[in-house]
Amino acid sequence: MPTQTAGVTDAHGQGLWDSRATAAYLGVSARTVWNLVDAGRLPARRLGRLVKFVPAAVEAFRDALPPVGGPDDPRSAHKAGAD
């Protein structure tokens, strides 16, 4: 599990992750994390100017991903139509 952000917790007292910790957990780049947030696929919480991620929500997102290497897998470098 990534390191939780010190002093920032959700309503249940669970530590929240920043984009780098979330990216590391998912095995993607921080840019991919932001693309997923912008697309509405990965939930994030705004705390003023900060954006944080609830670990349970990130885990649920990961668990719902298609198999590694599929065309919809953000962890894969595979691009549809690219040969």
Notebook entry, point to check: What are the residue pairs meeting all of these: first residue in the stretch 28-42, first residue free of Cβ contacts under 8 Å to residues at least 24 places away in the same chain, second residue among the polar types (S, T, N, Q) and surrounded by 14 or more Cβ atoms within 10 Å (Cβ to Cβ), Cβ atoms under 7 Å, and 6 or more apart or on different chains?
Noted result: ALA30/SER19; VAL33/SER19; VAL33/THR22; TRP34/SER19
Check: Based on what the data block shows, is GLY69 modelled with pLDDT of 75 or more, assigned to a loop (DSSP other than H, G, I, E, B) and of a type outside the set (Lys, Arg)?
Finding: no
Next item on the list: Scan the stretch 18-42 residue by residue and report those that are of a type in the set (A, V, I, L, M, F, W, C) and either in a loop (DSSP other than H, G, I, E, B) or surrounded by 19 or more Cβ atoms within 10 Å (Cβ to Cβ) (or both).
Entry: ALA21, ALA23, LEU26, VAL28, VAL33, LEU36, ALA39, LEU42
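The values are calculated or read from the model by the stated rules, or taken from the named source; none is laboratory data. From a predicted model like this one, the values you see are computed outputs, not experimental measurements. Methodologically, a virtual Cβ is constructed for each residue, glycine included, from the backbone with ideal geometry; neighbour enumeration extends over all protein chains shown.
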